[in-house]
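Before any comments, here is the structure.
The values are calculated or read from the model by the stated rules, or taken from the named source; none is laboratory data. This is a predicted model, so every value here is computed, not measured. Positions of Cβ are backbone-derived with ideal geometry, glycine not excepted, and every protein chain shown enters the neighbour counts. Ligands, DNA and RNA are excluded from the accessible area calculation, which covers all protein heavy atoms including side chains. Shrake-Rupley method; radii C 1.70, N 1.55, O 1.52, S 1.80 Å.
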Amino acid sequence: MTVQQKSQAQLIYLVLASLFIASLVTSNLIFQKFFYWEPFNLFRFEVSVGILPYPITFLITDILSEIYGKKKANQVVVAGIFASFFSMLIILVADYAPAIDSSPIGNKTFTKVFGLSPLAVLASMLAYLAAQFIDIRIFHFWKKLTKGKHLWLRNNFSTFLSQFIDTFTVLFLLSSFKILPWSIFGSLLLSGFLFKIIIAALDTPVLYAIVYWFRKKFDLKMGEEITGF
């Protein structure tokens with residue numbers, strides 16, 4: 001790989017990492033709103049809007065795992081954790097700052113929208129951390145087992161399991177902390193997991209297209225990764 005190609009690969013890595021962190025932080029800011037979705041009136045999904053950016057994070061970690069390797073993917077996950085906690089700290093400080101009388105957003109409104117429960121954030125972060133590291137580990141297990149072939153297999157198998165762990169863990173912790181009632185645990189688990197499975201299946205062609213572009217642009221062989229930066 002030429003020096004120019006390495007420079008381009010590094011820039012793309014930074015862009016993907018930025019998109020990953022932005023998606024993760026956004027999901028933690030908006031998760032308190034819930035919505036429903038009834039595709040073709042077959043099933044009623046009741047999920048948090050915070051779930052919407054999450055498939056992007058798993059797609060990006062799969063891209064990073066496939067093209068840049070396990071180490072680079074894990075680095076982005078850790079960076080996302082730090083970014084999330086830092087953003088929560090800023091919100092906490094902003095929540096304690098008293099609003100002036102002429103402020104368009106008052107104290108009560110700001111607290112209601114952004115006053116995130118520390119236990120809810122902790123539950124979300126623990127679930128996310130476990131799910132992402134498991135996703136990356138399983139992805140590389142299948143990549144090694146299939147010798148770089150069958151991208152769809154490792155993409156979906158790793159995402160399905162990790163998304164179930166993420167959904168189950170965060171709902172279990174939120175219910176244990178009495179932030180959510182146990183009575184809706186089952187319905188939210190089913191809705192959240194099925195929603196994530198559908199999105200994961202739909203993003204498989206996107207992953208194939210992106211990986212194909214990477215291989216063509218950087219002259220990568222099947223299963224080869226970009227290293228050296």
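Key figures
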read-out: Any chance T26 is part of a helix (DSSP H, G or I) and under 16 Å from I199 (Cα atoms); value: no
read-out: Top-ranked residue of the stretch 180-229 - restricted to ones that are open to solvent by 50 Å² or more (accessible area, probe 1.4 Å) and of a type in the set (S, T, Y), ranked as nearest to L145 (Cα to Cα); value: Y208
read-out: Subset of the stretch 133-179 (residues that are open to solvent by 30 Å² or more (accessible area, probe 1.4 Å), in a loop (DSSP other than H, G, I, E, B) and not charged (D, E, K, R)); value: H150, F177, I179
read-out: Members of the stretch 24-44 found to be surrounded by fewer than 18 Cβ atoms within 10 Å (Cβ to Cβ), among the aromatic types (F, W, Y) and touching a residue at least 24 places away in the same chain (Cβ under 8 Å), listed by number; value: W37, F43
read-out: Filtered residues of the stretch 74-100 (kept if closer than 24 Å to S162 by Cβ, among the β-branched types (V, I, T) and open to solvent by less than 40 Å² (accessible area, probe 1.4 Å)); value: V76, V77, I81
